1. I'd like to know which of Gly100, Asn126, Val76 lies farthest towards the positive end of the charge dipole of the range 1-134, counting +1 on Cβ of Lys and Arg and -1 on Cβ of Asp and Glu.
2. Order of Lys49, Lys201 from fewest to most other C-beta atoms within 10 Å?
3. About the Cα centre, and with charges only on the beta carbon of Lys, Arg (+1) and Asp, Glu (-1), how big is the dipole of the chain? Nearest 20 debye, please.
4. Quick one: order Met1, Met242 by neighbouring beta-carbon count within 10 Å, fewest to most.
5. 7 Å from Cα along Cα→Cβ at both Ile130 and Arg63: what's the point-to-point distance in nm?
6. Please identify the cysteines of the chain that lack any partner cysteine with a Cβ under 4.7 Å from their own Cβ.
7. Under 1.5 on a/c is rounded, so check that first for the chain, then, if it is not, pick prolate when a/b is larger than b/c and oblate when it is not; a ≥ b ≥ c are the square roots of the alpha carbon gyration tensor eigenvalues.
8. What Kirkwood radius, in Å to one decimal, follows from the Cα pairs of the range 151-276?
Amino acid sequence: MRYINFDEVVKAVKNLVAYSASNLPVDALKALKQALENEKSEVSKEVLKQILENAEIASTETRPLCQDTGLAVFFVKIGEDVKIEGGTLKDAINQGTAEGYQEFYLRASTCEPFSRANLKDKVGYNLPAIIHFDLVEGDKLEIEYAAKGGGSENVSRATVLPPAAGKNGVIDFVKEVISNAGGNPCPPLTVGVGIGGTFEKAAISSKYALFRDIGSKNPDPEIAELEATILTELNKLGIGAMGMGGTQTVLAVHIISNPCHIASLPVSVNVQCHSSRHSHIVI
């Protein structure tokens with residue numbers, strides 16, 4: 001059994017939150033620079049230059065990449081041989097989230113669904129975090145984090161197609177979601193697609209697909225081909241950077257496919273804006 005101190009997890013999460021707010025990961029920066037090279041529209045080229053300039057300012061001056069500093073989303077793999085000393089893992093992640101958001105002056109965005117009252121005083125600063133736990137073999141604790149803004153989340157969609165819809169049905173649904181979204185989610189986008197499982201499994205899979213590095217290849221050749229097909233179709237929509245029209249609407253399409261019931265074909269599309277703030281650590 002390996003013991004990890006509660007305070008060590010709190011500190012690690014706080015640092016993740018703070019770093020991700022100001023620093024785009026290498027894969028996202030590389031993809032944005034490539035989009036600038038490939039863009040055909042002069043207007044969208046200028047927008048992409050501004051996006052990259054914003055990323056540089058945020059990093060060098062330690063300022064948030066965006067005023068919407070998002071809800072804190074975590075995917076956590078905890079080894080069966082790990083024990084947290086001094087408190088629960090969930091509490092440690094929530095405390096680290098609150099400290100990171102508050103100490104680095106990031107916006108608290110959690111609120112009551114109907115009254116819209118901010119929960120920073122009632123529940124905690126930008127709490128509760130959205131945490132997905134997975135129990136795995138070993139004695140390591142892996143924490144993957146993303147700050148998920150409202151603009152891209154608002155245009156995300158899920159459905160359950162009839163099995164006969166097949167690949168073409170999935171392609172059409174993803175195209176419909178991105179077409180309807182237009183410039184609202186602040187493209188160029190990363191598009192996560194969850195296929196199969198149950199309704200909630202598809203939704204969670206589409207979220208987790210966004211954590212994959214842009215430019216990485218899906219290990220399943222059939223799914224990799226489907227990703228490439230959907231990417232091509234989405235960039236034909238001509239939405240462009242920030243909806244200004246252009247050829248680089250989507251940076252990547254990432255699919256996670258799961259076994260599903262014989263009578264259904266769940267599909268979920270989770271959209272990520274150009275400010276793809278994600279990072280991970282292993283303790």
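Read the figures in this text as sums done on the coordinates, not as results from a lab. Here the structure is a predicted model, which means the values were calculated and not measured. Neighbour counts run over all protein chains shown; Cβ positions are idealised from the backbone, glycine included.
1. Asn126
2. Starting with the residue having the fewest Cβ neighbours, the order is Lys49, Lys201.
3. With only Lys, Arg, Asp and Glu charged at Cβ, the dipole is about 460 debye.
4. Met1, Met242
5. 2.8
6. Cys66, Cys111, Cys260 - these cysteines have no disulfide-compatible partner (Cβ-Cβ under 4.7 Å) in the chain.
7. Here the chain falls in the oblate category.
8. 14.1
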